[in-house]
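Single-structure report; data block below.
The values are calculated or read from the model by the stated rules, or taken from the named source; none is laboratory data. As the structure is a computational prediction, the values presented were derived from the model and not from experiment. Cβ atoms come from the backbone with ideal geometry, glycine included; neighbour counts cover every protein chain shown. Note: areas computed on protein heavy atoms with side chains; ligands, DNA, RNA excluded. Shrake-Rupley method; radii C 1.70, N 1.55, O 1.52, S 1.80 Å.
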Amino acid sequence: MERLITLLLAGLLDRWLGDPVALPHPVVGFGRLIAKGEHAWNRGKGRRWKGAVLALSLVAGTGLAVGGVLALASLISSWVALALQVVLIFYCLAGTTLVREVREVFFAVDRSLEEGRRQVARIVGRDTSELTAQEVRTAALETLAENLSDGVVAPLFWWALLGVPGMMAYKMVNTLDSMIGYRNERYAEFGCFAARMDDVANYVPARLTAVLLLVAANYLSRWRFVIRYGTCHASPNSGYPEAAMAGILDCRFGGPHSYFGEVVWKPFIGTTDRPLGLADMRVAIRITRRAEILMLVLVGLAVWLL
């Protein structure tokens, strides 16, 4: 029952507040640790094993540290331990913040293309300086689908399996991938292990996200579309939620993307190349919100029954 209470409270906090901008965030701390490790070790020979040691150390250290802190909190008071768990779960969920950011991208690009480019740069890792208005909107919806997995479904999946320490360890895995998991000259070797670790951690959640989106949209008939286009992505996982969203909206994702000055062509997901607008954003956000609720219910039932 205690786990259900923490899940419910954390879910409500995320729904009401989103990321607490005015408060320190664990992921910011993760980023600083990764940056320091990368600066110190991503040089000379043996970069591949150095990156693997850094990634494993940070992920294992995160899980152990969180487990230790929670154990200490439980010695102080069961209420303190419960409150700490609620806060940590809340920090790991990014559903409301993601929805707000995507909504703002659409509003911004309707005001001016430059404003839309600046706004979408907040949520994507690619170069946005030369994106068209259509590409800005597409990038936002791609991110909405992909980050539903990374920011909601996957954290809850790992929480259900391994508790709060496992959930926080997952966030470290995800942060490592977002910072050093690139196939460019700087990170190809050093970030290789981190990228593969993220692939493994997101394998089930990404596919579960696609199912949740289709169920939320009452569109299970598009599952064949997801199977067909889910592999049309450089990532073994991101294509599945993106394909689900493209199938629901009957639009097309993919195409050329610029990362660190290099143009990368991603296979197209879908075939309907049509203009995207505010109506598409509203549908996508509504379906995403439903999928979040379905995941919370699914995880709650799993915890209650097991």
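Couple of notes before you dig in:
- Extreme residue, farthest from Val124 (Cα to Cα), among residues of the stretch 164-180 that are open to solvent by 20 Å² or more (accessible area, probe 1.4 Å) and out of contact with any Pro (no Cβ under 9 Å at 6 or more places or on another chain): Pro165
- Scanning the stretch 4-15 for residues that are under 19 Å from the mean Cα position of the chain (by Cα) and either open to solvent by 100 Å² or more (accessible area, probe 1.4 Å) or closer than 13 Å to Met179 by Cα (or both) yields a count of 1.
- Qualifying residue in the stretch 269-279 (condition: open to solvent by less than 40 Å² (accessible area, probe 1.4 Å), within 21 Å of Arg117 (Cβ to Cβ), in contact (Cβ under 8 Å) with a residue 40 or more places away in the chain and touching a Leu at 6+ places or on another chain (Cβ under 8 Å)): yes
- Only listed residue being farther than 24 Å from Ile180 by Cα and open to solvent by less than 30 Å² (accessible area, probe 1.4 Å), chosen from Val109, Val69, Val124, Val87: Val109
- Filter result for Arg48 (open to solvent by 60 Å² or more (accessible area, probe 1.4 Å), in contact (Cβ under 8 Å) with a residue 24 or more places away in the chain and charged (D, E, K, R)): yes
- In the set Glu146, Glu130, only one residue is in contact (Cβ under 8 Å) with a residue 60 or more places away in the chain, among the charged types (D, E, K, R) and crowded, with 24+ Cβ neighbours inside 10 Å; that residue is Glu146.
- Of the residues making up the stretch 287-303, one or more are in a helix (DSSP H, G or I), buried (at least 20 other Cβ atoms within 10 Å of the Cβ) and acidic (Asp, Glu).
- Flag if Pro20 is outside any helix (DSSP H, G or I) and either of a type in the set (Phe, Trp, Tyr) or closer than 27 Å to Val303 by Cβ (or both): yes
- Boolean, Ala206 is in a helix (DSSP H, G or I) and either modelled with pLDDT under 95 or of a type in the set (Val, Ile, Thr) (or both): no
- Restricted to the stretch 24-45, and to residues there that are open to solvent by less than 100 Å² (accessible area, probe 1.4 Å) and outside any helix (DSSP H, G or I), the residue that is farthest from Ser178 (Cα to Cα) is Gly44.
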